[in-house]
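Report on the structure given below.
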Amino acid sequence: MSSQNRLVVVPTVTVLTVMKARLIGATKGHALLKKKADALTMRFRQLLKEIIDAKENLGSTMKGSFFAYTEAQYAAGENIKHTIMDNVDTAVVKVRGDLDNVAGVKIPRFESFVLPGETKMDLTGLGRGGQQLQSCRKAYLSAVELLVQLANLQTAFLTLDEALKVTNRRVNALENVVKPKLENTISYIKAELDELEREEFFRLKKVQKNKQKKQMAQMAEDAAAAAAGEKAEAGDLKMPPFNGPQGQQGVQPPTNSSLLNYKEDDLLF
Amino acid sequence: MYGFEMMSFNIKDGFLEGVVRSHRTGMLTVADYNNLSQCETLEDIKLNLTATDYGPYLVNEASPIYTATIVDRCTQKLVNDWNYMRTQADENLAMFMDYCTYGHMIDNVVLIVTGTLHERDVQELLDKCHPLGMFDSIATLAVAQNMRELYRLVLVDTPLAPYFSENLTHEDLDEMNIEIMRNTLYKAYLDDFAAFCQKLGSTTAEIMGDMLAFETDRRALNITLNSIGTELTRDDRKKLYSNFGLLYPHGHNELAMAEDFDQIRSAMEKVPAYSGIFSKLGYGESQMLDKLLYEEEVKKCVDCYEQQFHYGVFYAYMKLREQEIRNIMWVSECVAQDQKGRIADGIVYLF
Amino acid sequence: MVDLTRPIVWFYLPVTITWICFVISVGNPQYFIDYNWLWLLFRSMSPYFWSALGVALAVGMSILGAAWGIFITGSSLVGAAIRVPRITSKNLISVIFCEAVAIYGVIVAIILQTKIERVDPVDGVYDKYALAAGYSIFGSGVTCGFANLVCGMCVGIVGSSCALSDAQNSTLFVKILVVEIFGSALGLFGVIIGIIMSGGVKWAA
Amino acid sequence: MAAQVMNNEGMLLAVLADEDTITGFLLAGVGNVDLRKKRNYLVVDSKTSARQIEQAFKEFAARDDIAVILISQQVAGQIRNVIEAHNRPIPAVLEIPSKDCPYDPNQDSLLTRVKHIAGFN
């Protein structure tokens, strides 16, 4: 699992910084998307309520319009519908649209409007029932308005639904895939780096040991040589004799600041 | 010379008068309407109607039944009765009965004319025509491509030809708003019908004069009411009023000038016969007017039955049946749309 | 048929009658009405002509009235009975009333016919009893005939209304029947007067 | 995805319903017949087959001058699968009640979806 849930990277310090930056980015992105999702959800919830209300309202409004039509038919005669059907020319009720922006999601918004000017319908039912026809017309116009509103809500619903799904998918992806992966990668890199460090440390230690061993051997050799030399020319020797390892000889300025020397007293790290 | 038609009327028309009068028994009564008002569904209405004269026409209708079907079947009943009488009728009466249906014929012609201009299917158009307004050559109406041709080829042979030729020029045929054309024709028709009734003389002239005067005055009123605020000018409006009726000519002048409902009202109230109708209306409201006018018409039609030996009953029968079908439509729509509180607003009780 | 509803007829009718009177009276241009000539004219007419005419009018007019009434009633009855068949048998009574009118006519005609006796003219001239008898039989025939003609029409028209009303509302039948009975009584008046008029007929002194 | 270009002279409403319902909308002035005699409404009666309705619906859905398709519930019931498949926000498909049968919210595919979501949340 762990091998799959991380990025395939070369565990180096530079990559680590890159990864860390990516993690920070992902966290920030996650927070932002979460916020967006929340905003969308809020709007969405509101929409749901509005849609349900509007749909239920629709029933009664349409009922009113239908009845107005019945009244018109009563006054103007059964055949009036054929007259109306034949008088259809160009639409005077149209829908205008623009875009609404909710948390970065563009939602088309409709608005119905009536083209100004006389229509052929104005004189329909001149002989009888014209008034009822006009009131029926008004009833239907208001119904159309409501319907367009409902269409608004519905489009918004569909668009938001889609947008919400996408956002939620992204949030979840960030939360459950990208972030863990990055984190895993970072910890993997760190672990790898430590491992490398420990190896280095051990190697250095070994080198030092070898060095010391070599030194001791040298020293013993030197001592033997000195003893032999003292015997030969005792007056020439100015340097004091080497008194074993430095650590045992109190604090000394780290002349040779090797890693080994620096961390010598804290091996636990 | 009233009274002499008593001796001679039955020679030709006694049988049909008996028929048309006995149809009165088949009309729905207040009790029937009460039953219909109690219905919960259209099926109930159908069931209730099967007990009436409409029964044979509705009984075989499959469910679910719709208002349109009910109205259609009821109209069929009227049409069948009417055609039965029309085929038995003799010269004057046949002529009279034809005159009664010219109104529908005008509607049909206008329907087909507009339909043809919009390139509708002929059969589809014919289905939409009112069956009472059919004439033999109606199908050929759709042959013509433009109005001039239409007149030259088809309309000349119809009974409506004089109305077209005397009132509309070729230019009118092409340009006129279809509603204005319809009403111009209707005006010509009413004038002609009234003249015909006067020619028939005696009781028919008296009764039909009264009925047609009401009809034409109602049209004048409606035209005025519906043309307020439209492009129709005063002069054009005045041209649509018929040349008779209780409002002719002074009332027409006033109506032509009227700009709102109250002016119409003051013009109408000068005629005693109509002041009663308007006194039932509150100031400024015109919604109930249609029903009140329907009621007045029904009253006149029912009064028609009080006299014997005249043709008015045929006209009255048609009008009453049409009102009855309107009532049925209203009740069914109210029931179908769950608006039972409004049922009483639309029913005009006949008897 | 002359349309009695046209006013022009009512202008020509008296003119025509005056003209006929004038033609008849022209025996002597010195008088507007020449009574001697008229007396000669009527004295020379056979009383059998008058009595036969009376009998004919009695039965003919009555039957014309009855027939007229029956078709007025009948056509309405048949029409109304299509929708409301129950009225047929009841309303046969109106037809029977009309029929009764014809029967009155037949009865009076038979009575009048039995009154006719044989007398011979003296010098080609009937004596005045015979002339009077001829005129009374003619008169009673005309009375009865026209009374029954009008009665038949009246019963017919009322019967027609009766049938139509009965079709609407069966309680109206009896009420209109009463009116109809009064109408049919009119014919009886004619019959009674006719019988009385012909009752005292004597052909010879 | 939703940012379809909308022309500013206004878009049309399309209607698929029974005769009476349509007549009302036509009276209001919704109807449009263009130069090629193409209408933006379809009168559905007992003779209209589901195939015809489907075709008309698809045609309206494909037209770019139609913003809203009104379809009566009865008609929608006949081509339910096509409507369910319609997923684009424009044109918006709205189910309306028809004159002969009152509005039944349970049959509305959008509303069931809405309620489903609302219930789930």
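The values are calculated or read from the model by the stated rules, or taken from the named source; none is laboratory data. This one's a predicted model, so the numbers in the text were calculated from it and none came from an experiment. Ideal geometry is used to build each Cβ from the backbone, glycine not excepted, and the neighbour counts take in all protein chains shown.
The table below lists the values:
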read-out: Criterion violated by residue C:40 - all others in (1) at pLDDT 85 or above; (2) assigned to a helix (DSSP H, G or I) satisfied; value: (1)
read-out: Given (1) free of Cβ contacts under 8 Å to residues at least 12 places away in the same chain; (2) crowded, with 16+ Cβ neighbours inside 10 Å, index of the condition residue A:95 fails; value: (1)
read-out: Conditions (1) closer than 22 Å to residue A:110 by Cα; (2) of a type in the set (A, V, I, L, M); (3) at pLDDT 85 or above; (4) touching a strand residue (DSSP E or B) at 6+ places or on another chain (Cβ under 7 Å); number of the one not met by residue D:90; value: (3)
read-out: Cβ pairs under 8 Å, 6+ apart, first in the stretch B:185-203 and within 23 Å of residue B:309 (Cα to Cα), second crowded, with 18+ Cβ neighbours inside 10 Å and β-branched (Val, Ile, Thr); value: B:190/B:216; B:194/B:216; B:197/B:204
read-out: Matching residues in the stretch B:313-346 - criterion: being among the aliphatic types (A, V, I, L, M) and within 30 Å of residue B:205 (Cα to Cα); value: B:313, B:316, B:318, B:320, B:325
read-out: The lone exception for residue B:225 - which of (1) within 21 Å of the chain's Cα centre (by Cα); (2) surrounded by fewer than 20 Cβ atoms within 10 Å (Cβ to Cβ); (3) part of a helix (DSSP H, G or I); (4) not aromatic (Phe, Trp, Tyr) it fails; value: (2)
read-out: Matching residues, the stretch D:49-75, being in contact with a strand residue (DSSP E or B) (Cβ under 6 Å, 6 or more places away or on another chain) and under 24 Å from residue A:111 (Cα atoms); value: D:60, D:65, D:66, D:67, D:68, D:69, D:70, D:71, D:72, D:73
read-out: Residues satisfying the stated conditions in the stretch D:73-88, i.e. within 14 Å of chain A (Cβ to nearest Cβ), touching a residue at least 12 places away in the same chain (Cβ under 8 Å) and assigned to a helix (DSSP H, G or I); value: D:73, D:74, D:76, D:83, D:84
read-out: Test for residue B:41: is it at pLDDT below 90 and under 18 Å from residue B:322 (Cα atoms); value: no
read-out: The stretch A:88-104, residues that are within 8 Å of chain D (Cβ to nearest Cβ) and not acidic (Asp, Glu); value: A:88, A:90, A:91, A:92, A:93, A:94, A:95, A:96, A:97, A:99
read-out: Qualifying position, being in contact (Cβ under 8 Å) with a residue 12 or more places away in the chain and away from chain D (no Cβ under 14 Å), among B:37, B:63; value: B:37
read-out: Residue selected from the stretch B:66-115 under the condition among the small types (Gly, Ala, Ser) and under 27 Å from residue B:140 (Cα atoms), by the criterion nearest to the other protein chains (Cβ to nearest Cβ); value: B:115
read-out: Pick from the stretch C:104-131, criterion free of Cβ contacts under 8 Å to residues at least 40 places away in the same chain and part of a helix (DSSP H, G or I), ranking: nearest to residue C:184 (Cα to Cα); value: C:110
read-out: Failed item, numbered, when residue A:88 is tested on (1) assigned to a strand (DSSP E or B); (2) among the aliphatic types (A, V, I, L, M); (3) crowded, with 18+ Cβ neighbours inside 10 Å; value: (1)
read-out: Filtered residues of the stretch A:37-80 (kept if facing chain D (nearest Cβ under 7 Å) and either surrounded by 23 or more Cβ atoms within 10 Å (Cβ to Cβ) or of a type in the set (A, V, I, L, M) (or both)); value: A:48, A:51, A:52, A:58, A:62, A:65, A:66, A:69
read-out: Boolean, residue B:103 is buried (at least 18 other Cβ atoms within 10 Å of the Cβ), without any contact (Cβ under 8 Å) to a residue 60 or more places away in the chain and not assigned by the TED database to the domain that holds residue B:48; value: no
read-out: Of all residues making up the stretch B:1-34, the number that are within 13 Å of another protein chain (Cβ to nearest Cβ), touching a residue at least 60 places away in the same chain (Cβ under 8 Å) and hydrophobic (A, V, I, L, M, F, W, C); value: 9
read-out: Some residue of the stretch B:243-261 being in contact with an Asp or Glu (Cβ under 6 Å, 6 or more places away or on another chain), more than 14 Å from chain A (Cβ to nearest Cβ), aromatic (Phe, Trp, Tyr) and surrounded by 12 or more Cβ atoms within 10 Å (Cβ to Cβ); value: no
read-out: Pick from the stretch D:37-62, criterion assigned to a loop (DSSP other than H, G, I, E, B) and within 13 Å of chain A (Cβ to nearest Cβ), ranking: farthest from the chain's Cα centre (by Cα); value: D:37
read-out: Positions within the stretch D:11-35 being β-branched (Val, Ile, Thr) and either touching a residue at least 12 places away in the same chain (Cβ under 8 Å) or more than 7 Å from chain A (Cβ to nearest Cβ) (or both), in sequence order; value: D:15, D:21, D:22, D:30
read-out: Residue in the stretch B:265-273 that is under 21 Å from residue B:130 (Cβ atoms) and out of contact with any Phe, Trp or Tyr (no Cβ under 8 Å at 6 or more places or on another chain) present; value: no
read-out: Test set (1) modelled with pLDDT under 90; (2) of a type in the set (A, V, I, L, M, F, W, C); (3) under 14 Å from residue B:106 (Cα atoms) - residue B:258 fails condition number; value: (3)
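Per-residue answers, yes or no, for (1) under 29 Å from residue C:158 (Cα atoms); (2) at pLDDT below 85; (3) not assigned by TED's automatic domain parsing to the domain that holds residue C:95:
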| residue | (1), (2), (3) |
| --- | --- |
| C:1 | yes, yes, yes |
| C:6 | yes, yes, yes |
| C:9 | yes, yes, yes |
| C:30 | no, yes, yes |
| C:34 | no, yes, yes |
| C:62 | yes, no, no |
| C:77 | yes, no, no |
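Yes or no, residue by residue, for (1) more than 8 Å from chain B (Cβ to nearest Cβ); (2) surrounded by fewer than 23 Cβ atoms within 10 Å (Cβ to Cβ); (3) within 49 Å of the chain's Cα centre (by Cα):
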| site | (1), (2), (3) |
| --- | --- |
| A:111 | yes, yes, yes |
| A:129 | no, yes, no |
| A:147 | yes, no, yes |
| A:150 | yes, no, yes |
| A:156 | yes, no, yes |
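Residue by residue, here is whether (1) modelled with pLDDT of 90 or more; (2) in the same structural domain as residue B:32 (by the TED database); (3) crowded, with 19+ Cβ neighbours inside 10 Å holds:
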residue	(1), (2), (3)
B:59	no, yes, no
B:73	yes, yes, yes
B:111	no, no, yes
B:114	no, no, yes
B:117	no, no, no
B:121	no, no, no
B:124	no, no, no
B:136	no, no, no
